[in-house]
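Trainee: Structure provided below as structure tokens; questions to follow.
What follows is calculated from the coordinates using simple rules that are stated; it is not laboratory data. It should be emphasised that the depicted structure is a prediction, and the values quoted were computed from it without experimental measurement. So basically every Cβ, Gly included, is an ideal-geometry build from the backbone, and we count neighbours across all protein chains shown.
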Amino acid sequence: MNTYLVAVLAAYLLVAAFDYWLDYLNLSHLKRFGSVVPPEFEGRIDQGLLGRTRDYHIEHARFDFVHSIFNNIIHLLFILALLDIYNSWTVSLGLPFIVTGLLFFLLLTFAETVISIPFSLYSTFKIENKYGFNTMTFKLWLTDAVKSLLISTVLMSLVIVTGLFIVQKSPDFWWLWIWCFFLVFGVFMMYISPYVIEPLFHKFTPVENEELESGIRRLIEKTGIKVSRVFKVDASKRTTHTNAYFTGIGKVKRIVLYDTLIEKMERDEILAVLAHETGHWKKKHLLKTIIVSEAVALIAIYTAYRLLQGDLLANMFYIENSSFFAKVIITGFIGSIVSFPLSPAFNYFSRRHEDEADRFSHELTGNKESMISALVKLSKDNLSNLHPHPFYAFFHYSHPPALERIRKIKGL
């Protein structure tokens, strides 16, 4: 085994070990402080619910650990032992470059989907059922899975064929054209998703509560943001979790409320949550995220382009037929290691955006008590961990912990 390969494998194992250590740190912290009722939750949460929350996160952490170990073993087994065999087989078929690539990547995607099925079933029908979150029938789960597979196959085929066509036609500058294609394709998906994809899984109906809808529209009008419709989604068919979000972009922006949220929250609490979501649009958080993400993506694609030149990667991993497709897989494997430190950086900026949106909600509604009450209910309904370890939250949380958010809102 060559020195470069040893270094890559050592880095992969080191990243995995560090991630497991973070999980252990967080679980230990939860076991130690999970029974403590924070002052902000006194009278709103009891020891029984705290114990249920602790058990839910411990069970999920154990499941995620087993799932992660399994995935790491499969990834290492494939990259070290099976990639050369699989690559040689696809190349030996003698198909055109684009057809070979389509077959190569689609089969891998299907294999990954099949392997993930037992874990998805266990998570949904064992853990989520046990804690009262899952409301899906197996028939609905199967229907969703088939729809997801069909949609992902169509979209992936489009992306793969277009990407490989660009590589074939512009061998020196494909990195730039592919980056442009991904940017345009991503924006296009933001436009069509609310009308084409989301309705395939959920039923969207106008909010029936006229008082609530008029309150929402008055709230949005204050910001100057144009929203096409305010919808309720039948989330209760799949889960008891609560949520609200904006979807779409430009003239197809929508406000979507989970029916579970409408059922469990008061009018002013819902308005406070929506004011928070509106803050993301008003502060241009989506645009800022796209700009940063695309800048990083451009650097990543150009780096991948440089790595894919020559046979360095193929020789490093002992690939007999140095195909473009095998080198893409190896590049992705190395990229997953290199990108690990970027995760806490992106999460840090995401948490800052959440703080800004909370502040905007307070400025728009002048009602911080409703926002605090909404956060308390969201934490209770979703069994959120009230005591994450700070270092774990720094690495993995895209939102500030609930207690931190509540205390900042109180100080506004």
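Trainee: Listing 219, 106 from the residue with the fewest other Cβ atoms within 10 Å to the one with the most, what is the order?
Mentor: By the 10 Å Cβ count, ascending: 106, 219.
Trainee: A follow-up question, please. Counting only GluC sites (Glu not before Pro) that are in a DSSP loop and have at most 15 other C-beta atoms within 10 Å, tell me the longest site-free stretch of the chain.
Mentor: 43-207
Trainee: Arranged from highest to lowest average of other beta-carbon atoms within 10 Å per residue, in what order do the peptides 189-196, 393-400 appear?
Mentor: The peptides rank, most packed first, as 393-400, 189-196.
Trainee: Here's another thing I want to ask about it. In µm²/s, what is D for region 57-189 at 20 °C and 1.002 mPa s, where D = kT/(6 pi eta Rh) by Stokes-Einstein and Rh is the Kirkwood radius from Cα pairs?
Mentor: Details: Rh = 17.8 Å.
Taking Rh from Cα pairs, D becomes 120 µm²/s.
Trainee: Can you sort 359, 52, 218 by how many other beta carbons sit within 10 Å, fewest first? Show your work: numbers first, answer last.
Mentor: Details: 359 17, 52 14, 218 10.
So the ranking, lowest neighbour count to highest, is 218, 52, 359.
Trainee: Whole-Hz ³J(HN,Hα) for each residue in region 159-176, computed from phi via Karplus 6.51 cos²θ - 1.76 cosθ + 1.60 with θ = phi - 60°, x for glycine and proline: what do you get?
Mentor: So the J values, rounded to whole Hz, are 5, 5, 4, 5, x, 5, 4, 5, 4, 5, 7, 9, x, 9, 10, 4, 4, 6.
Trainee: Which far-off residues, 5 or more places away or on another chain, put their amide H under 5 Å from the one on residue 239, with H placed in the peptide plane?
Mentor: Result for residue 239 returns 135.
Trainee: Which percent of the Cα-Cα distances in region 163-220 go past 18 Å?
Mentor: For region 163-220, the fraction of Cα-Cα distances above 18 Å is 62 percent.
Trainee: Where Lys and Arg each count +1 and Asp and Glu each count -1, what net charge lies around residue 52 among other residues with Cβ under 11 Å from its Cβ?
Mentor: 0
Trainee: Rg and Dmax of region 325-412 over Cα atoms: what are they, in angstrom?
Mentor: 17.3, 56
Trainee: Taking amide H positions as placed 1.01 Å from N in the peptide plane, with prolines and chain starts having none, which residues 5 or more places from residue 253, or on another chain, fall under 5 Å of its amide H?
Mentor: Answer set, sorted by chain and number: 228.
Trainee: Sticking with this structure for a sec: What number, rounded to the nearest 500 deg cm²/dmol, is the helix-based mean residue ellipticity at 222 nm of the chain, given -39500 (n - 2.57) per DSSP H run of at least four residues and division by all its residues?
Mentor: -23000 deg cm²/dmol
Trainee: In a Debye calculation with equal point scatterers on the alpha-carbon sites of region 206-264 and no solvent, what is log10 I(q)/I(0) at q = 0.12, 0.14, 0.25 Å⁻¹?
Mentor: Cα-only, vacuum Debye calculation for region 206-264: -0.29, -0.39, -1.07.
Trainee: If you take every residue apart from residue 143 with its C-beta less than 13 Å away from the C-beta of residue 143, what net charge results, scoring Lys and Arg +1 and Asp and Glu -1?
Mentor: Spelling it out: positives minus negatives among the neighbours equals +3.
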